[in-house]
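S.K.: Sharing a structure below in structure tokens format, with a few things to ask.
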């Protein structure tokens, strides 16, 4: 099989890239190791930065998001027995975030690609990428028990941390940076109304908590837990009791509980690989970087990679330019490291790392300072809604 751009992975990054290229007359084929049902059913992020919202509108897949998504102009941070609101709109010149689940984004993009006649091969795992340094890359993949190859001009590795794209890079060509946090998030998804109209981030002596949502009737809640904890150790009642202990009293009183739709434990870590380009092979999303979920940056960083990569590929085909392809990794990594920094900083302020009361008092003092300062509130707001994309043309 032959195409212009071979895309590995049918998560939001691969699908969004394919859609943007299609709208600019560029062919692509997506290879995905999982079934379509599995991809559409994965429970993931739900906070979209302003930049990603704009990119979905550019990709002409925003109708349902604009109709059903929840625009949020701020968040609350609870600490030291009180709650403070961070006004995004007021501190960023009118920017906001959109609450719209990654599962919904994925479904919208799949439907758009199939409606346009796009080629999405499910249960077709990529095994390796070859010849990407010679200018004629091939993706070796498996389909119906047989090895096949997809020949293309460019390859986008959007296949996550465990995919085939990054391991295909030449030996010794990458530098890896990683930080593993000593705790996880125990999360529950329930068909219950959210406890508040906006997200609540909680710093508490017992550990971090987060009140999030997917809609007006579906909530997503988290509590910090031990890294070696297990879902088997938690009943629904035990989770709700622990969450209630950590919430500010006004929120705890309003909390409506219900049976879980899903419960899982997510480890927290930061991971970056440099560079993100090897000849005609380009990494995007979790294949190149992972951030703790505290700052809601993972999905949005994947979208920013797609912003830069789509522009570079369009310039390559429409204007025979290679300069943007050459600048892709550098442009992405500048934004990646800023998001890594914010996620690390936000995580450090809100989570319990030890039992030292001195460290806890320092966290409360920092949160007190930040929320009491216009500059501090602006710092949180600017980073949370998403730093602007660089001019890339």
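FYI, it's all coordinate maths here, none of it is from the lab. These numbers come from a predicted model, not from an experiment. Positions of Cβ are generated from backbone atoms using ideal geometry, with glycine treated the same way; all protein chains shown enter the neighbour counts.
S.K.: Quick one: give the max-minus-min coordinate of the C-alpha atoms of the stretch 325-393 along each principal axis, largest first, in Å.
M.R.: 50, 27, 12
S.K.: If you don't mind, there's one more thing I want to ask. Tell me the label-point distance for the pair residue 238, residue 393, using the 7 Å Cα-to-Cβ offset, in nm and rounded to one decimal.
M.R.: Each label point lies 7 Å from its Cα, and together they span 5.7 nm.
S.K.: Nearest-5 percent of antiparallel DSSP beta bridges in the chain?
M.R.: The answer is about 75 percent antiparallel.
S.K.: Place a point 7 Å from Cα of residue 205 in the direction of its Cβ. Which residues in the stretch 247-264 have their backbone N less than 20 Å from it?
M.R.: 247-253
S.K.: Using a basic spin-label model with each label point 7 Å from the Cα along Cα→Cβ, how many nm lie between residue 365 and residue 1?
M.R.: Result for the modelled spin labels: 6.0 nm.
S.K.: While we're looking at this one, here's another question. Within the stretch 105-135, list the residues whose amide N lies under 12 Å from a label point set 7 Å along Cα→Cβ of residue 173.
M.R.: Under 12 Å, as judged by backbone N against the label point of residue 173, lie 129-135 of the stretch 105-135.
S.K.: Measure out, as a whole number of angstrom, how far apart the alpha-carbon centroids of the stretch 37-99 and the stretch 227-275 sit.
M.R.: First find each Cα centre; the distance between them is then 20 Å.
S.K.: How much space per residue, in cubic angstrom, does the convex hull of the C-alpha atoms of the stretch 134-246 take up?
M.R.: Per-residue hull volume (Cα only) is 225 Å³.
S.K.: Shape verdict for the chain, please, from the Cα gyration tensor: rounded (a/c under 1.5), prolate (a/b greater than b/c) or oblate.
M.R.: Judged from the Cα gyration tensor, the chain comes out prolate (a/c at least 1.5, a/b above b/c).
S.K.: Below 8 Å between Cα atoms, with a sequence gap of 6+, how large is the relative contact order for the stretch 184-227 in percent?
M.R.: Numbers: 87 pairs, mean separation 21.1, N = 44.
The value is 48 percent.
S.K.: To the nearest 0.05, how large is the calculated FRET efficiency for residue 261 and residue 319 if R₀ is 41 Å and r is the Cβ-Cβ distance?
M.R.: 0.30
S.K.: Then there is this: Could you estimate the translational diffusion coefficient of the stretch 228-284 from the Stokes-Einstein equation, with Rh from the Kirkwood formula over C-alpha pairs, at 25 °C and 0.890 mPa s, in whole µm²/s?
M.R.: Using the Kirkwood radius from Cα pairs, D works out to 161 µm²/s.
S.K.: For residue 43 paired with residue 64, estimate the spin-label separation in nm (one decimal), with each label point 7 Å from Cα along the Cα-to-Cβ line.
M.R.: Once both label points are built, they end up 1.9 nm from each other.
S.K.: Quick check: the angle from helix 357-371's long axis to the longest principal axis of the chain, C-alpha only, nearest 10 degrees?
M.R.: The helix 357-371 is inclined about 70 degrees to the chain.
S.K.: Taking the 0 to 90 degree range and rounding to the nearest ten, how far is the long axis of helix 12-23 tilted relative to the main principal axis of the chain, both from C-alpha atoms?
M.R.: Between helix and principal axis, roughly 50 degrees.
S.K.: With angles folded into 0 to 90 degrees, how steeply does helix 102-115 sit against the dominant principal axis of the chain? Use alpha carbons for both and round to 10.
M.R.: It is inclined by approximately 30 degrees.
S.K.: Okay, moving on. Could you work out the relative contact order of the chain, using alpha carbon pairs under 8 angstrom and six or more residues apart, expressed as a whole percent?
M.R.: This gives 20 percent for the chain.
S.K.: Something else: Specify the inter-centroid distance of the stretch 294-326 and the stretch 162-192, based on alpha-carbon positions, in whole Å.
M.R.: 21 Å
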